[in-house]
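Colleague: My structure is below; once you've seen it, I'll send some questions.
Taken together, the values in this text are just the output of simple stated rules run on the coordinates, not laboratory data. Note that the structure is predicted; figures quoted are calculated from it, not measured. When we count neighbours, we look across all protein chains shown, and the Cβ atoms used for this are built from the backbone with ideal geometry, even at glycine.
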Amino acid sequence: MRLVGLTGGIACGKSTVSRALAAQGFTVIDADAIARTVVDRGRWGYRRVVRAFGSGILRSDGEIDREALAALVFADAAQRRRLNAASFPAIGLELARQILTAWALCRPVAIVDMPLLFESGFYLLTRPRVLVACSPSTQLRRLMQRDALEQAAAEARMAAQMPLAAKRRRADIVLENDSSLAELEAQIGALVARLQRHAWLHRWVLSPVGLLVGAAAAAGVLWV
């Protein structure tokens, strides 16, 4: 199975690309969705985050106040590191489970949609690494519109991430999203064609079936 990394700057259009790839039949593993579910009340990630930040981050119903926590960590790098340290173990376990499930089902490609693909070091396990990018001015405008943020708050959220220029240097493929949806879709189409090449190899040879056949063949040679 081929493991593909998908990332992008905030408000650059990564989710649009992720949905389009899922619609094409690719297995998409959403790290953001995992990060949300592992801190649901009662789960291991929830207990770790509450231990790290205290009960002050909880709503009246006992759930984590996600908006308040987001505002806290986007404004303070130390708090962001604390959140990552508390939540990453639970995220990593669930991510590994979903990847192994896709491999066991002989999926030829699994796309890991991860905002912190480069920051976390997970990009080292993926190829190609796909970045969705746009100009800083476009990014700022979209973020302010999408999240109803003042300019200073939007700029703080952008500054909390690795600069897009640094991500571009690490990416194998960059999808430029400064123009129309049609132009982005054309780039997605080219990416789909690239990922579908040699799908049989990734589905069968680099799969549990391929490993079993290879092991059986090796055993036969040794037996003879």
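Colleague: Taking Cα centroids, how far is region 1-75 from region 85-149 in Å?
Modeller: For region 1-75 versus region 85-149, the Cα centre distance is 10 Å.
Colleague: Report, to two decimal places, the Cα Rg of region 84-163 normalised by 2.2 N^0.38 Å (N = number of residues).
Modeller: Rg over 2.2 N^0.38 Å, computed on Cα atoms: 1.38.
Colleague: Under the √(5λ) rule applied to the eigenvalues of the Cα gyration tensor, what semi-axes describe the equivalent ellipsoid of region 23-101? Give them in Å, descending.
Modeller: 24, 14, 12
Colleague: Per-residue HN-Hα couplings for region 29-37, Karplus 6.51 cos²θ - 1.76 cosθ + 1.60 at θ = phi - 60°, whole Hz, x for Gly and Pro?
Modeller: 9, 9, 5, 5, 5, 4, 4, 6, 6
Colleague: How large is ³J(HN,Hα) for each residue in region 108-115, as worked out from phi by the Karplus curve 6.51 cos²θ - 1.76 cosθ + 1.60 (θ = phi - 60°), to whole Hz, x for Gly and Pro?
Modeller: Values per residue, Gly and Pro as x: x, 9, 10, 9, 9, 8, 9, x Hz.
Colleague: On to the next question. Along region 164-174, what does the Karplus equation 6.51 cos²θ - 1.76 cosθ + 1.60 (θ = phi - 60°) give for ³J(HN,Hα), rounded to whole Hz, x for Gly and Pro?
Modeller: 4, 4, 5, 5, 4, 5, 8, 7, 8, 9, 10
Colleague: What angle do you read, to the nearest 10 degrees and between 0 and 90, between the alpha-carbon axis of helix 181-196 and the longest principal axis of the chain?
Modeller: On a 0 to 90 degree scale, this one is about 30.
Colleague: In Å, what is the Rg of the alpha-carbon atoms in region 2-223, and how long is Dmax?
Modeller: Here Rg and the maximum Cα pair distance are 19.8, 71 Å.
Colleague: Once every DSSP H run of n ≥ 4 in the chain is given -39500 (n - 2.57) and the sum is divided by its residues, what mean residue ellipticity at 222 nm do you get, rounded to the nearest 500 deg cm²/dmol?
Modeller: About -18000 deg cm²/dmol.
Colleague: Measure off 7 Å from each Cα along the Cα-to-Cβ vector at Asp76 and Ala199, then give the distance between these two points in nanometres to one decimal.
Modeller: Rounded to a tenth, the inter-label distance reads 4.8 nm.
Colleague: Can you put Ser55, Ser179, Ser15 in order of Cβ neighbours within 10 angstrom, beginning with the fewest?
Modeller: In increasing order of surrounding Cβ atoms, one gets Ser55, Ser179, Ser15.
Colleague: So, one more: In nm, to one decimal, how far is the Asp65 label point from the Ser120 one, both placed 7 Å along Cα→Cβ?
Modeller: Taking the two extended label points, one gets 2.7 nm.
Colleague: In degrees from 0 to 90, rounded to the nearest 10, what is the angle of the helix 77-104 Cα long axis to the longest principal axis of the chain?
Modeller: The helix 77-104 is inclined about 30 degrees to the chain.
Colleague: Okay, next question. Which loop GluC sites (Glu not before Pro) in region 58-152, with loop taken from DSSP, have no more than 11 other Cβ atoms within 10 angstrom of their Cβ?
Modeller: Those satisfying the criteria are Glu150.
Colleague: How do Arg168, Arg129 rank when sorted from fewest to most other Cβ atoms within 10 Å of their own Cβ?
Modeller: With the sparsest Cβ surroundings first, the list reads Arg168, Arg129.
Colleague: Taking the Cα of Ala153, stepping 7 Å toward and past its beta carbon, and measuring to each backbone N in region 55-81: which are under 19 Å?
Modeller: Within reach of a label on Ala153, which here means backbone N under 19 Å from a point 7 Å along Cα→Cβ, region 55-81 contributes 57-59, 65-77, 80.
Colleague: Given labels modelled 7 Å from the Cα in the Cβ direction, how far is it in nm from Arg47 to Ala23?
Modeller: Rounded to a tenth, the inter-label distance reads 4.2 nm.
Colleague: Rounded to the nearest 5, what is the percent of antiparallel bridges among the DSSP beta bridges in the chain?
Modeller: For the chain, the DSSP antiparallel bridge percentage is about 5.
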